[in-house]
Structures are given as structure tokens and as C-alpha cells.
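Beneath this line is the structure, given in C-alpha cells, with notes to follow.
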Amino acid sequence: MTVVESMEVGSWEDPWDSVPVIGAGVRAAPSRQGRELIPEGTAAEVVVRCNGAGVPREVVHRGGVHHVVEPPVRWYERRKWWESEDRVPRESRISMVDRELWQVQALRGGAAVPCTFRLVRNQVSDQWQLLGVTLG
Amino acid sequence: MHFPHLHVASAFSAHYGVARPEELAATAAEQRAEILACTDRDGLYGAVKHVLACREHGLSPVLGVDLALLGAGRAGVAGTRGGQRRRPLPPRVLGRVVVLATGNNAGAGYAALCRVVSAAHRAHDRHQGHPIGLTTAQLARHVHRAAAHGKPGLVVLVGPDSDVGKLLAGRHYQPARTALERWRRVLPPGTLVVETATHLSPQGTPLSTGHAVRMLQIGHRAQLPVVLSNAVRYAHPGQAVTADVLDAARTLMPLDELAGADRGVLQPNGQGWLKDDDRMALLAHEIAHAADQGDAGRDRLLADTHHLAERCILDPEHDLGMGRSVIPEASVLGVQGNPDRELARRCYAGLARLHGHEDWDRTVPGLNRESLRSRLERELDVISHLGFAGYFLTVGEVSELMSEMDVRHAARGSGVSSLVVHLLGISPADPLEYDLVFERFLSPLRPNLPDIDIDIESARRHAVYQRIFERFGPRRVALMSMQNAYRSRGAVRDAGLALGLGAQDVDHVAGQLWRVPGATLRQELTRRPELAPLADRLRGNRQLDLLVDLTERLDRLPRHISMHPCGVILSDTTLLDRTPVQASGIGLPMSQYDKHDMDPMGLIKLDVLGVRMQSTLAHAVAETARLHPHEPPPDLDTMPRDDPDTYRLISSTHTLGCFQIESPGQRELIGTMGPQEFNDLIVDISLFRPGPMQANMVRPYLDARHGWSAPQHLHPDLTEILAETHGVAVYHEQIMRIMDRMTGCGLGRADVWRRLLGSHGEAAVEAAFRDAAHGRGYTHRTIDTVWELLHAFGSFGFCKAHAVAFAVPTYQSAWLKTHHPEAFMAGVWEHDPGMYPARLLVGEARRMGIPVLGPDVNRSGEHHRVEPVTPRPGTVEPADLDHGIPHTQDGAWGIRMSLNSITGLSAAETERLLAGQPYSTLAEVKTRARPTRRNLQRLAAAGALDTLLRGAGTRASHTDMVHFLREQAERPVTGRPPRSQPGEGQLSLPLGDVDLAGLPARLAEPSPEERVRAEMDTMGTEVSAHLMDSHAQLMRRYCATRAEDLLGLRNGTEVVVAGVRVSTMTPPMRSGRRVVFISLDDGSGAVDCTFFDEAQAVSGEVLFAPTLLLVHGHTRRTGPRGIGIQAAQAWDLSRPETLPDPSALLGSRPTPGRPPRRSAPERPSPRQVQPSAPEPGTSEPSAPASHTRGAPHDTSPHAAPRPWRPPPPVGD
């Protein structure tokens, strides 16, 4: 950020600055805080329990139950469906164009520092997949 | 409170929106929304459909438009053709804004919206690259004008896609604030609103929550209301894929490229659907909390959105003028005083003009039992009662215009039933003469404005449109538009482009899809035998599989708007307040509303349809006048329609070129029916429609007509009604009369009842009918029988008035073909009115003994013309002409093809060629007409210069000349000035044709085959011989039968035929199975082949694509003068490796196969005198012996050949 830009930003700080960007050609900025516990991309076992509104409140990972401490953040990023799908039938009501991504900060009982989980939820099958975990 | 979506693009935002307004309204209604907007891109294309859909679903409609915002014009250097020129560059698109119309102001908001849209299109020029849109200043002017009366008429939404939004996306906060400030300055108070939207896309991309937060905050900072939208493009998430494909189609780039380089075209994700309340509330919550405004911020956002929505609700009646028809002002029509009196005055003038010598009070014979005067007075009464006099005067005015221009015109449709229409000169047919019922057209029980459609000469229709515009003024007239939708082929191409498939693959798939509905493509692939190889390919290929899915998605989506071929809208000066207009392509403005929008919006539309047959008739009459200068030209419209020679021609089925009766099916019908008077023509045209054919009216009529079945008598009261059709109910008018006769309900009510037959309202009609008929004393048995007839008639049958309108030009064309065949055929070539290509008509002319003369640089004109020739004995054989009909000049008159028939010549060149006639040397052609060298070569190849060659006295051949000119054409341009250009006032030396005389004589004259090929190349049609002549040897090896020889064969003979495909049809069949009719032209006539399921299956791909076909099958008599082929298999002649062994083909199938068994008919046939009978075109052949079976009344002793009828179906 240049001096001019920092003056321009003015009185408000964009809360989205801390969200790492995935997709749409912009590269992800590494988390400033913790180290990667599990490299991104490895499909690891994870179970996510949500509340009535579909927002995660518990993440079960490697046997440990993590309780969500901050309101999770969710966004949708585009997929190249023409490369991965076999069929895109006209009657389908599910979006093939994007996938649902979550960033969840959850604390394991007894731990001092929360973990940040990056998850993707399959809109068709409601399956959760872990993209990566960072400490902090 | 339910969330109101204010930024919604329907499918009518071409190449952008996915869901039709009906689907969006239904979705919104399911979500229990109350207000829904339609803001299509660049226009109000979906607006009317949106309002109607909202009304149906109980929603309140809002209308707006999504417009491009243009920068100011730029000066710059544009165009490199012819050097650098300082020309203003087209303006850049800075972004897009939404403009909404406010409601509750007597239409002021909607009118302003229409004008803003029209203004956005005014400067649009696709070729110069000027986009559709407005600058801020222009838009501001419109908003100011709309706010002139205190309340804002328009509201501008500045959202994420606007100039402000784009700056914020790039985080240029100061420039964004400046831009928004400028908006606030130029717009009046209360008309500027900020729009925020989030699609929850990743940070840094458009429509991210961060972006939405910035929009919210900038709006608050500028103290402007901020509303929430979802920038909707589709109704549910599954349609997001279609939006991607549309984006690819719009930009003509594959999806991979669009996604990779991130040009900002593709949506960032698939969240742009019509989200329900809960989701929108959640989004408001997220935005507000991310902006640190908490719940209060969220509530404020939602409240502001509601507030704006309520301001913009439009009332269909008071704001849009729906349901109120508007006609041009009386003064414009030349009417002073009472329009009813003026209409009566003009009608009586018409009476004097058309029926001057008749007694207007004499009852005209027929079922109407009215005199001219009583009928006229009755019609004027009804028109006056409904207040439609102005409309009739308007149409009468237009008809006058056409008469002044000497353009042939005739009303079509039920309007022909009206005597007023006839007396105003709009229709040449007298409804009393043909016993037509006025109530079929207009009655007090149907208060909608009727439709009067006018057929005019096709070649002069643009001139007529221009004249209408001049007459009524550009503020009162607009053309109608039509929406062109994706069909399967176009859908495949665009989907293939999006997927990045190879052009060859895509073309191959697209080529297979002939008349295949795209929406059910996957199903069709399994069902149709000719698509089987394609289906195989798909199984192994994921991309092709996706292609099918994408094709189904695109099918029938609106693709682009174009001018409707015949609709003209006439209104008073409020027209442009009620519809937006844009350029039509012919220099006249076009409404953005299509034919379905006319009635709801109260727009009067006149269908002025260019019909090529009318041009043909006009051309023929003009030629006849030229050839017989001392006789008055034939007056087609007033001549009596009873010439026996004409009917003889029609019955001979040699009706190629005639209106309506030249198709194979029609020729079969007239061959069987044998029309002898005009009423027969009317019946013929009525019967040959899907309705009557499906309802099994044809066979009973033919049987009754020929006396093979006794007409069933329903009741003495009804006999005279059905007498004209031999006891079979065919016409709508007959049904109306039966109902009225038995119940006394009146013909107006009868028409209402008739329209309910065949629908779910029929039960009520039945009850009313039975009641009333019983009340009049008819027995139950009679009532039952009659109701059975009415029920079977259902929604089938045909309107006699329509049939009369068609029968008139049918008769006129047949009359001309009988009495002035050369002039008629010249007209047919000139205007190409029929279903067959010109080449088939060349054969027809030859059959009639009319020589066809190729284009000649000295003798040809700009139109096809009749030219006297010296008949050369033995070269022209007038084949079977049926007692000397048509009346040709026995080869003394030929038809000279025009210079325009040579493709590739420019209009200017043709003009110069004609102006410089006559030519004696090639040099004269070059200097006077200055054709391009390539075109000079084409002229020579077409034979137009042969006359010069002969005149040059050289021994060089035609081929030498073409060769010479081709070499000249291929030599590169040297830039030297042309030699021997005579100066002004100088005569060229009479040296003779230096160029041609000096030609070395090296090559031989072209063979007939080469000549024909050259003619095909240059003119698209053969003149000197037929294309099939080059295959003559092949045909001999197969022992192929020529078309003209088929008639002499017995029914069921095994034959081989071949020819050029001239028509392919798959008409709807009663049984539901598909039958393919293919007509071939082999130079001696047309062969009509029928392919049933089995033949379709074995022929496969050959059925639809190839031009030259070889067909193996059996003859099938279709009438006393008709014969067709029931095909067993077809092959592509141009692929000799696929052809069967000639020695083994004929004889391999001595008897024909059976056509598929018909499924049981869904409706009981009106009278089961015979077992269920086939309609013409699908009779079964059988061994000749059974020919005589089942002809009960066939005992007449006359010497004429036994009247043909098909044997009853086997096994019934």
C-alpha cells in the first residue's frame, strides 16, 4: 500500500481484507498468522455440523471436536463446469457454475489457539470437503 | 413484507437473460412476492409479457430498462480505408444504469420510459460501432422532462455496473465520489438512487460483498437512498449454466478463453437468480453488518427498497393504457364530422362503383337471405354500435393508398366476410355472392377490434410502407417487430462455439438436425433413425454429450429481434408514448413490441403482407398488356370466375406455378376431386388443412361428391346448410348456421359457441345447445346426431371466408396459366412465388411447349419477359396438353431470362448494361457497361455474349470466349488506363469486334453437361438442359422410369426413379407417425415419393441432406390423373460408391411393403358409411385384382374409365 493509497482508504477499513482470495485468477494471500498444519488440497476427513440456517457450528477433524468461535464467512467461486461435468441437464435446479466455500474459525476444547478451516460444501450432495487448515 | 426485485433481466434481454417473464413471475409468486420488476437490456422487449404474467400471478409490475452509459464523443483518427480521416470515434461504454418508470401518474412515467429507450437507439449504428445507450447529459434531459410536472417520472439506479460502481470495484474512491456527485447535480431531486448488490463472489471480484459495502457507504455519504437488488438474470440456480453459454455466444468466444483471461464478461459465480425473501434478508444482513451498520442498517436498506418499489408500481389500465385501442385521429383520415356517416357514405359510393347495375334491394340467392342494402345497413349498425367506424376508415384509407399506387392488394382472412370491407375496395370478393357470414368476422358479442390483413405485391411492399409513413406521419406509424428464437441448428452452433469444439464437428452435428426440435434433442436422438449414427458418436464423447445438453437449454430462447414481415402499427400521436421504437433495417422505425403485445397494449396493427403471387399476377398482366397492345388488359379482380378451360387445367393437375394447388398433396386432391366451379375451389382449399384432414372430412366429402355414398340426412332443416359440401360439414360458417337454425341463438352467439368446441368450455355449449334445441321441438335422436356432428367437428374445419380469400388468386393464377401461359410463367420466374425452385418450372415450361431462352446481352431486360421467337421444328414437344390447354402460342413465344438472373452482377452494372443496349462488339460492352472482368466472364459463361460471338464471324467457340475472358479476369490489375476509350463525342471506328474476331479457335463447343453446369454456376438454374440429363447413362443402367412415363404404369409396379430433390415435407399425420414426402425433379416432371417408417430407417441420413436421389419403390395411384411412389429405399446419387448394384436392384422387391397400421382414430368420424378411410397421400397399394373391391355404387354404365378409388385397408 502506498502512502497516497493509505490516505485514500480513509476512516474505514475493509473487513474483507483478511479473507484470503481463492479463484477468479487472483492468487491467495498466505495467512499472516499461523503455519499451515495441513497443506492445501489434501482431502482430509472432516465432519461439519450446522445449525438450522445451514451455518457451521462444529467441525470434527482428526477425532477432535472444534467449536466455531467467530461467525463463519462464506462465498461462492466459479468453476469451469465445462471441463469437469459430464452432463448439465436442462431440468437441473442446482448450480454447476459455482461452489460454496467457507472459512470457519473453530476452537478445540482445551486448546488455546483456534484453527481456521477452509471448507467447500458440495451443493448437490451436501458433502463437506476440507481444503486446508491453518493455526490461528 | 416481501422482497421486491427491482433489477431483473428476462430472456428477452437477448444473449443475457435466461428465464421468460412468465417463469420469473411464477417463481416470484411461489415465493409469495408482491412486486416484481422487469428491466431488460436496451429495451422493453419483455415488458408487456411481464405485465400480463404479473397480472396472472397476482403480482404488481414494475418496468424499467437496463441501459448503457456512454461517454462523450471522442475526436480521433478513425478508419484506414482511403487514408486517414479525422472522424469522431464512437463513444465508449462507461457502464450501465437501470432506469425505472414511476407509477400512479396517468402514464407519464411509462411514456417517459418509452421515449428514453427510443432515444437510446436513435444514434445506434452497428456498422460505425456506435453502441445503444445514452450519455449522462442525455439521460438527465429525459429525467428532467419527465419530472416537469412536479413528480418524478423516472428514477435512475446507479449500481455496481455503473460508472460509479466500476470505480468502486477498482477502489478509486475519490473519483467514484466525484462521479456520484455529478449524477446528483444533473438529476432532479428524488430521481437518483444507489443500488447495491452482492453475489457473494470472492473478494476483489465484481459483485463481492466488499463491493456491495462500498456502494452502500458511498450512497449514505451522498445522502441518497440505497436499495438492494440481486442483478437477476435467471429464475433458479440451475439456469446459471445457460447464462454462461449466452455470454459466450454474445461475445463469440469460447468459455475457456473467457474464464482464463478474466475479461469481465462471465459472471463471477452463479448467484444471480431470483432469490427469495429469506436469502435477500440474509444478504442485506451481511452487507449491513460488514458495513458496521448492524441491524438498523439492514432494516433501512430493505425499507428503502420497498419504498422505491411502491413508487414504481404501474397500473396496467391507467399507466399503460391496456385494453384501450387507439386509432388515428379523424382529421388525419380525412373525416369531418361523424365517422359512422362518413363510413356509410364511402360504402354507398362503393356500391355504386361495384354493383352499379344491380338492384340493391333484391334478395341475393343463398343462405343469408339478404339484399345488398339490407346487409350493408346491418353491418354498419354493428360497426356503429361497437364504435369501430374509425378503424374501418383507417384500413380503407390504406387500401386507397395502394390503389393510387396501382399496387395489387386483397384482404385475407375472415375480413372477407364483411360487405363493408368489400365495398371499401379492400377485398375483391363479394360476401353475398359466396354466402359468407358476417358474424364470423365481427359481432356485438366479441367486442375486440377485428383483424383485417391485406396481401399486396411482394416486390412493392417497401414502397407501400414508405407511402403509409408519408401519409400518416412518422409519429403515428411504426413497424411491428418479431422475436427470432434459437432453433436447434443455431443452438448447436453457438453451444459448440462456447465449448470450443472444432468447427467441423459442430457443422456435422448441426447439419443432421433438420427440423428436429432442440428442446427434446436427447429424446429425438433415440427416436429418429436418421440420427442413429450421431447418437453413437455421442456415447463416447463427453463434450458432444454436453453439447446436447447445452443445445436443449438454448432452444427457443429469444436470439434477436427483427422486423416483422408484414405488421404495420397505426395510431394517433401518442404512439411513441406507448411503445419504444428502434431501427428496422429498412429506414423506418420499428416498435419493440411483437404481435403478442399488440392487443394488450391497444395498438392497432395492420398486416400488410407481401405475397409473391400478387407480384406474379401483376407482372403477368403487365406482360399480357404489352403483348396485346390493342386489347384492354385482363381485369383479374372483376372478371367472372367461371371459365371452363381454367377448371380443366386445374383438374388436369398440371398446376405447377399456380397458387395453393401445386404441392403434391394438393395435386392429388384436385386430381381426385376435379373442380368444375369456383365453389369447388373453395372447398378444395378448405379441405387441404391439417384440421379437416385430421378430422376425417376429406374422404366423406369426396365419396359424397362422386356419388359413392349417400349423404347422411340429419334433418330436413339442415339440408340446405350442408348442400354446398354434399352433406359434409366443412366450414365454420356451416356449424354456426346449424347451431342457429336448431336453437335460435343468433349467429353471433353461435360463433362464440363454435370457438368453445374442442376446449374445456364445450360441456357448457352442449348443455345450452341441447336445451334450446329441445325447446324448439327437435327430437332427442336428431339432437344427438347433430351434437355428434358438432362434437366431431370440434376445433377443426375451416373458415369459408379465409378459403374464399385464397381461392380468388388461385383461380386468377390458373386462369392466367390457361390463357396467357407465357406471360404467367415469366411472372413466376420473376417473383418465385411457389414452393418449387425455378429449375422445376423450366421443365414445366418446356412441357407446355414454351421455349426458355437464356440471358442475352442485347435482348434481355431487367425482368423476365416474353419474346417472340421463330419456332424451330422438332426441338420443342408440347406433350400431353389436354385438349390444347393451356393456350400457348405453340412455341412462337418464348421466355427470355433477365439479366438479373445472373448472380454476381451488381445493380449498378445491370443498370449500365441495360442502358447501353444494343451492343455489337465486346468492346462496346466493356466501355459502356464497365462490368468487372470477373462479371464479364460470368456473362459469357451464362451464354449472354453468344450473340456477339456469332456476330463477330469468328470460328472461335463459346468455350474459347469464356477461356479468353477468364484469363483476362485472372490477370492482375496493372493500373494502366483502359485502351481505346472513345472520347466524348467521338464515334468508335466500325472495325467490328476486334477482340472476338481475333480469338483463336482452339477449344470445342461445350457439351450439354458442361453448358448446364455453367448455367447452374452463373444462374442457379439450368436453362438449356436438365441436371439429370448428365446422369442419363446411369439412369439407363438402372432402368429408371421417367416422371412423364409413370402415369401409364399399373398400381403397385416396382420402379426405380431418380432426380433432383425439390421439396421435402413431413406434414402432421393423423396417426401421429412420421411420414416423409420427397418430390424429385428428373427433367420430365415431378415424382412424389412417400417414405414410411421402414423406408426411413433403411435410408437413414440420405433422407434429408443430399440433393440428387435415387429411389426404389412401387407406384401408387393417387387419383385418376395422379401417381406417386411408395419408396422402399433411397440413395445419394452424388456418392456412387454407396449405390446398389444396378442389375440386382429392379426385381429385388416385386411387391410393395405394407405401410404401418394406423392407430385407432381419436375422434369418431362424422359418418361411418365406409370403414375408417385414409386421407389422400397414404392409401395402401395392393395387388391390382382388389382394385374393384368395395365400390358399392359403381354400376354406372358410361364408357368413361372406372372412377378410381383406393381399396379399403387390408384387414379392416
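The values are calculated or read from the model by the stated rules, or taken from the named source; none is laboratory data. Not measured: the values here are computed from a predicted model. Counting neighbours? That spans all protein chains shown, and the Cβs are built from the backbone with ideal geometry, glycine included.
Summary table below
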read-out	value
Any hit, the range A:16-32, residues being modelled with pLDDT of 85 or more, buried (at least 19 other Cβ atoms within 10 Å of the Cβ) and either touching a helix residue (DSSP H, G or I) at 6+ places or on another chain (Cβ under 9 Å) or within 30 Å of B:L497 (Cα to Cα) (or both)	no
Yes/no for B:P189 being at pLDDT 95 or above, closer than 30 Å to B:G153 by Cβ and surrounded by fewer than 24 Cβ atoms within 10 Å (Cβ to Cβ)	no
Single unsatisfied condition, B:G190 versus (1) in contact with a Pro (Cβ under 8 Å, 6 or more places away or on another chain); (2) within 10 Å of another protein chain (Cβ to nearest Cβ); (3) farther than 20 Å from B:L36 by Cβ	(2)
Residue that is farthest from the other protein chains (Cβ to nearest Cβ), among those in the range A:78-92 that are within 21 Å of the chain's Cα centre (by Cα) and surrounded by 15 or more Cβ atoms within 10 Å (Cβ to Cβ)	A:R79
Residue satisfying all of: in the range B:324-369; part of a loop (DSSP other than H, G, I, E, B) and hydrophobic (A, V, I, L, M, F, W, C); farthest from B:E724 (Cα to Cα) among these	B:V332
Qualifying residue in the range A:93-111 (condition: within 12 Å of B:S201 (Cα to Cα), among the acidic types (D, E), more than 8 Å from every other protein chain (Cβ to nearest Cβ) and in a strand (DSSP E or B))	yes
Extreme residue, nearest to B:E623 (Cα to Cα), among residues of the range B:892-907 that are in contact (Cβ under 8 Å) with a residue 40 or more places away in the chain and polar (S, T, N, Q)	B:S898
Residue that is farthest from the chain's Cα centre (by Cα) [pool: residues in the range B:1-46 that are in a helix (DSSP H, G or I), touching a residue at least 40 places away in the same chain (Cβ under 8 Å) and crowded, with 24+ Cβ neighbours inside 10 Å]	B:A28
Positions within the range A:64-77 being surrounded by fewer than 18 Cβ atoms within 10 Å (Cβ to Cβ) and facing chain B (nearest Cβ under 9 Å), in sequence order	A:P71
Helices (runs of 4 or more DSSP H) enclosed by the range B:566-674 - at least 3 residues per element that are at pLDDT 90 or above	B:575-578, B:595-598, B:612-627, B:644-651
Unmet criterion (only one of (1) touching a strand residue (DSSP E or B) at 6+ places or on another chain (Cβ under 9 Å); (2) outside any helix (DSSP H, G or I); (3) not aliphatic (A, V, I, L, M)) for B:H713	(1)
Any pair with Cβ under 6 angstrom, 6 or more apart, that starts in the range A:83-111 at a residue that is under 21 Å from B:G260 (Cα atoms) and ends at one that is among the polar types (S, T, N, Q)	A:D98/B:N269; A:E100/A:Q123
Exclusive hit being under 23 Å from B:V8 (Cβ atoms) and not basic (K, R), set B:A106, B:A146	B:A146
Count - residues of the range B:511-524 that are surrounded by fewer than 19 Cβ atoms within 10 Å (Cβ to Cβ) and either touching a Ser or Thr at 6+ places or on another chain (Cβ under 6 Å) or of a type in the set (A, V, I, L, M, F, W, C) (or both)	2
Residue tally, condition within 25 Å of B:V698 (Cα to Cα) and buried (at least 24 other Cβ atoms within 10 Å of the Cβ), over the range B:736-750	4
Cβ pairs under 9 Å, 6+ apart, first in the range B:908-927 and in a loop (DSSP other than H, G, I, E, B), second among the hydroxyl-bearing types (S, T, Y) and surrounded by 18 or more Cβ atoms within 10 Å (Cβ to Cβ)	B:Q917/B:S860
Which listed residue, of B:T1118, B:T1064, B:T1138, is surrounded by fewer than 21 Cβ atoms within 10 Å (Cβ to Cβ), touching a strand residue (DSSP E or B) at 6+ places or on another chain (Cβ under 9 Å) and under 25 Å from B:G843 (Cβ atoms)	B:T1064
Members of the range B:511-526 found to be at pLDDT 70 or above, assigned to a loop (DSSP other than H, G, I, E, B) and within 13 Å of B:F1104 (Cβ to Cβ), listed by number	B:L513, B:V516
Selection status of B:L531, of a type in the set (A, V, I, L, M, F, W, C), within 14 Å of another protein chain (Cβ to nearest Cβ) and in a helix (DSSP H, G or I)	no
Residue, farthest from the other protein chains (Cβ to nearest Cβ), within the range B:207-223, restricted to residues that are more than 21 Å from B:V65 (Cα to Cα) and assigned to a loop (DSSP other than H, G, I, E, B)	B:Q223
Answer from B:A243, B:A248, B:A259 - the residue that is more than 30 Å from B:R184 (Cβ to Cβ), among the small types (G, A, S), facing chain A (nearest Cβ under 7 Å) and part of a helix (DSSP H, G or I)	B:A259
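Here is a yes/no grid of residues against (1) away from every other protein chain (no Cβ under 14 Å); (2) of a type in the set (V, I, T); (3) buried (at least 19 other Cβ atoms within 10 Å of the Cβ):
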{"site": "B:P254", "(1), (2), (3)": "no, no, no"}
{"site": "B:H285", "(1), (2), (3)": "no, no, no"}
{"site": "B:R298", "(1), (2), (3)": "yes, no, yes"}
{"site": "B:D304", "(1), (2), (3)": "yes, no, no"}
{"site": "B:D315", "(1), (2), (3)": "yes, no, no"}
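This table checks each residue for (1) free of Cβ contacts under 8 Å to residues at least 40 places away in the same chain; (2) of a type outside the set (G, A, S); (3) in contact with a strand residue (DSSP E or B) (Cβ under 9 Å, 6 or more places away or on another chain).
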position	(1), (2), (3)
B:L681	no, yes, no
B:S686	no, no, yes
B:V698	no, yes, no
B:D703	no, yes, no
B:S709	no, no, no
B:V728	no, yes, no
B:Y731	no, yes, yes
